[in-house]
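The block underneath contains the structure these notes are about, expressed in structure tokens.
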Amino acid sequence: MTSLYKLVGGVSLLALLGGCASLSGDGGFGAVASVSEQRTGAPASVAGRLPRNEDDARALAAVIGKKLEQPLSADDAVQVALLNNRGLQATYWSLGVAEADLVQAGRVQNPVLDFKRSHGGGEVGIERTLTFNLVGLITAPMASRIEGRRFEQTKLLVSNEALKVAADTRRAWVDAVAAAQIADYAKQVEASAQASAELSERMRKAGNWSALDMAREQAYHAQTVADVTHTQKAAVAAREKLTRLLGLSGEQAAYRLPDHLPDLPAAPRELANVEQAAVDERLDIQAAKLDTEQTASTLGLTRTTRFINVLDLGAVRNTDGPTATRGYELTLEIPLFDWGSARVARAEATYMQSVNQLAQAAVQARSEARASYADYRASYDLARHYRDRVLPLRKQISEQTLLRYNGMLMSVFELLADAREQATAVSGYIGALRDYWIAQANLEAAQGGRLSTNKGVQP
Amino acid sequence: MTDRRSFLSGAALIGAGMVTKAAVASLPEAPVQSSPATQAPLSPPNGRPYNPVVTLNGWTLPWRMKDGVKEFHLVAEPVVREIAPGMTANLWGYNGQSPGPTIEVVEGDRVRIFVTNKLPEHTSVHWHGQRLPNGMDGVTGLTQPGIPPGKTFVYEFVAKHAGTFMYHPHADEMAQMAMGMMGFWVTHPRDPKQHAVDRDFVFLLNAYDIDPGSYTPKINTMTDFNLWTFNSRAFPGIDPMVVRKDDRVRIRVGNLTMTNHPVHLHGHTFEVTGTDGGWVRPAARWPEVTTDIAVGQMRAIEFIADEPGDWSFHCHKSHHTMNAMGHSVPTMIGVDHSGVAEKINNLVPGYMVMGDKGAAMDGMQMPLPENTLPMMTGDGPFGGLDMGGMFTVVKVREGLARNDYKDPGWYKHPPGSVAHEWTGELPPAPRAPGAPPAKASEAMDVKRDGDMHHHH
Ligand SMILES: [Cu+2]
């Protein structure tokens, strides 16, 4: 039996490695926060870092409380979500995990000392082995590079998650405001139907109407009561969806929203190169690019280290009794059965997978950009049609109906029926306006964040 | 009412532009009248003498004599007629008006009528009630081809019988008459003394369905018309018939609507003296205050205007003394609006409760759709008349000049001759034996003097 001292060689290399990576302190959050703020227009933290303690929590609560004093605007909703959405917070912390991995990768694995003492026949045998994974030493720069990319990728994905939460929040805000507005109009319709029903009852009492006439009016009213409940259900659901995204509960869940959606902008955005912008700007595409680069690098590594990664290089110092011997030991895998070709093939396949995934992501992004832009323009046109044609015509009809009522050419019931129809048209407009703002949020998401040309027309 | 001089000079002026053209074509000029006011009677400048008629809100067509033949020129054309102040209609008519001008001739006259068609479709003129050669009867397809747009046809016959007649197309009749194509025709007796009266008014009954806010009649309407008119005028657009006390007055009415009209005169009894078949023998005349004029009929009524005052003259179908109204508007009388009215007002700003006490508008001036006459209107010396459509006033006054048709204003009643409020003790209202005692109704209380009740 030999007792071996395995010594570490290449000390200078070790020293070099030891100093190349350290923890940033914010787990990479600063970088993400800056991307997210640049894309959403809203800072992702109160103090420039993630809340860790009671003081941070209080500061956050204060900021959110201040926002909730006013009816919550869409921008404020996005802001609150970025600060307060717990799912997003959890994602922010995954940055810390990725960074720790990176730093870990950059550190050389500690040497392992193995000490063995044995008794036998009055002899004491001491075996000391110091092992060090040299391949780690050799591959450390590469591993560090890989983890570096992975960290970059994580930052992008986390930033992208923030954008997604921002877009979801914006859509949920639009839905919640619109649903409340539609529920309000349903109440107005119900009020007109109720006036009709009441009047029909009095018509019946005065002997002017049959039971059939009265039942018709009252059946209509009963239907509108059902409609009110439907729209109120939808309004509650839409609001709760927003509340979840905002991460609000308790008293804070009683936040107020504006009574109505923002007006349609004077003109829609003219975007020249939506596809290119999407490919250039979208963080998921950038992350996919990084992934591809990373697998490319892994492939290169595998190619060069197909044998070395199984090489054990050791410096040996053996003490056996009073005499010590020195030497080294080299274990070289003989590529007799495994030439590493399978590993290379696997890496190549993985790489090609990644390349295709990137291409797919790009195709998807371009299509989404085209589709969302087309939808955005069509939604604008539709909302404008409602605003400029449908509503003015309904208003004209109402005015003319009133004139006819004045001339005893039409009855009050026709007046009330018209009021209901007008409210329906207004609901149509609210729906179209809602679709427009959602289309804009979708377009932004498909373009990788806030539209650079879109300042000042946010809902 | 314009006087005769301005009427004639106006006609000459408008006709002047046609002289050269008409001379070239050797057609008589086709004078045009644009005013809807009643024009003074046209005394015959040549030919046989006669007592001219007054066309209510209309005029008589001048003619020219050519080789002993009376030549008239009718131009069938689209016109804009003022139905009443504040409302005009896009109609079809003749020589600038609907109805067209009255044609007056004398028994035995040879008459030649040029008809120029300026309508977008063919037309013809049927001389309703006349005895004439079959080929002059004006029935498209049957007695003549239609007059194509842009063409002129000529009709020629002898006005054999004195009487009251009409003219109207017998081509696409439903559309053309619904659009206002019609006119009056009077053939005077050869002897002006025969059947002579002091004042002789003529007009046609017509009806239109013009949707509130629009201008052109709905020609497919069959019964539910909303404008009932004398000579395409609705009250308050119909001129009064001004007569001198003790005048013998004749009113000739022709019905070209799709329903009958019981025409009713207040304050006098009259006799029906003529139909489109001719004069009624004196022994066969019935005293009447209302005479029904069936579709396509003519009636001449006569009375002595011996009662001074402002006397209603109207169709007795009460919907025919209304202007455009909603025929499917439910009755609101007696319906309590309290509470509901405010709710409706929240939804419909500008809404006012109407109809809960009846349909009278009490002079309420509410904005209406464009080109729409109030349902009932017209102001008299004692307030609103609540009338529209086929309604006017016969104004009987003492001491008018023979040819004075000017509106004398409202009648000044001799003192004590107007119904007035009773303020004295009321005798108990007798009731049928065994009838339940009368309920004190709200309406009765409202009519009483304010200090007589305190429970309001
Ligand atoms: Cu009538």
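Tabulated data for the structure shown
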quantity: Subset of region B:366-408 that is of a type in the set (Ser, Thr, Tyr) and away from chain A (no Cβ under 14 Å) - its residue that is nearest to B:Ser312 (Cα to Cα); calculated: B:Thr392
quantity: Strands (runs of 3 or more DSSP E) (entirely within region B:18-113) containing at least 3 residues that are in contact (Cβ under 8 Å) with a residue 12 or more places away in the chain, farther than 28 Å from B:Val242 by Cα and in contact with an Asp or Glu (Cβ under 9 Å, 6 or more places away or on another chain); calculated: B:69-84
quantity: Residues being open to solvent by 20 Å² or more (accessible area, probe 1.4 Å) and closer than 26 Å to A:Ala383 by Cα - total across region A:407-427; calculated: 7
quantity: Qualifying positions in region B:176-207 - more than 23 Å from B:Met241 (Cα to Cα) and open to solvent by less than 10 Å² (accessible area, probe 1.4 Å); calculated: B:Gln176, B:Met181
quantity: Residue match in region B:313-323 (condition: away from the ligand (no atom under 13 Å from the Cβ) and more than 14 Å from every other protein chain (Cβ to nearest Cβ)); calculated: no
quantity: Subset of region A:202-224 [closer than 20 Å to B:Val348 by Cα and open to solvent by 40 Å² or more (accessible area, probe 1.4 Å)]; calculated: A:Arg202, A:Gln218, A:Tyr220
quantity: Test for B:Glu307: is it within 22 Å of A:Gln400 (Cα to Cα) and acidic (Asp, Glu); calculated: no
quantity: Helices (runs of 4 or more DSSP H) contained in region A:329-448 and holding at least 2 residues within 30 Å of B:Leu373 (Cα to Cα); calculated: A:391-406, A:412-446
quantity: Selection status of B:Arg252, open to solvent by 60 Å² or more (accessible area, probe 1.4 Å) and either modelled with pLDDT of 95 or more or within 25 Å of B:Ala84 (Cα to Cα) (or both); calculated: no
quantity: Verdict on B:Val253 being assigned to a strand (DSSP E or B), away from the ligand (no atom under 16 Å from the Cβ), away from chain A (no Cβ under 14 Å) and not basic (Lys, Arg); calculated: no
quantity: Answer residue from region B:123-169, given it is β-branched (Val, Ile, Thr) and assigned to a strand (DSSP E or B) and is farthest from B:Gln297 (Cα to Cα) among those; calculated: B:Thr152
quantity: Qualifying residue in region B:268-290 (condition: under 26 Å from B:Pro99 (Cα atoms), more than 13 Å from the chain's Cα centre (by Cα), within 13 Å of the ligand (Cβ to nearest atom) and open to solvent by 50 Å² or more (accessible area, probe 1.4 Å)); calculated: no
quantity: The listed residue being away from chain B (no Cβ under 14 Å), closer than 30 Å to A:Val78 by Cα and part of a helix (DSSP H, G or I), out of A:Ala166, A:Ala186, A:Ala215, A:Ala222; calculated: A:Ala166
quantity: Qualifying residue in region A:256-273 (condition: more than 19 Å from A:Asp375 (Cβ to Cβ) and within 24 Å of the chain's Cα centre (by Cα)); calculated: yes
quantity: Residue that is under 23 Å from B:Ala40 (Cβ atoms), within 20 Å of the chain's Cα centre (by Cα) and of a type in the set (Lys, Arg), where the choices are B:Arg244, B:Arg252; calculated: B:Arg252
quantity: Scope region B:189-212; condition among the aliphatic types (A, V, I, L, M), within 14 Å of chain A (Cβ to nearest Cβ) and within 16 Å of the ligand (Cβ to nearest atom); matching residues; calculated: none
quantity: Single residue of B:Glu307, B:Glu302 found to be charged (D, E, K, R), open to solvent by less than 20 Å² (accessible area, probe 1.4 Å), away from chain A (no Cβ under 14 Å) and away from the ligand (no atom under 16 Å from the Cβ); calculated: B:Glu302
quantity: Leading residue by the ranking (farthest from the other protein chains (Cβ to nearest Cβ)) among those in region A:140-163 that are open to solvent by less than 50 Å² (accessible area, probe 1.4 Å) and more than 24 Å from the chain's Cα centre (by Cα); calculated: A:Ala140
quantity: Residue match in region B:327-340 (condition: within 16 Å of the ligand (Cβ to nearest atom) and more than 8 Å from chain A (Cβ to nearest Cβ)); calculated: yes
quantity: Residues that are in a loop (DSSP other than H, G, I, E, B) and either more than 16 Å from the ligand (Cβ to nearest atom) or surrounded by fewer than 15 Cβ atoms within 10 Å (Cβ to Cβ) (or both), drawn from region B:229-249; calculated: B:Pro236, B:Gly237, B:Asp239, B:Pro240, B:Lys245, B:Asp246, B:Asp247
quantity: Among the candidates A:Arg404, A:Arg394, residue that is within 14 Å of another protein chain (Cβ to nearest Cβ), surrounded by 22 or more Cβ atoms within 10 Å (Cβ to Cβ) and modelled with pLDDT of 90 or more; calculated: A:Arg404
quantity: Residue among B:Asn260, B:Asn226 that alone is within 14 Å of chain A (Cβ to nearest Cβ) and within 16 Å of the ligand (Cβ to nearest atom); calculated: B:Asn226
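The values are calculated or read from the model by the stated rules, or taken from the named source; none is laboratory data. Computed from a predicted structure; not experimentally measured. Note that each Cβ is placed from the backbone with ideal geometry, even for glycine, and that neighbours are counted across all protein chains shown. Note: accessible area is taken over every heavy atom of the protein model, side chains too, but ligands, DNA and RNA are not part of it. Shrake-Rupley method; radii C 1.70, N 1.55, O 1.52, S 1.80 Å.
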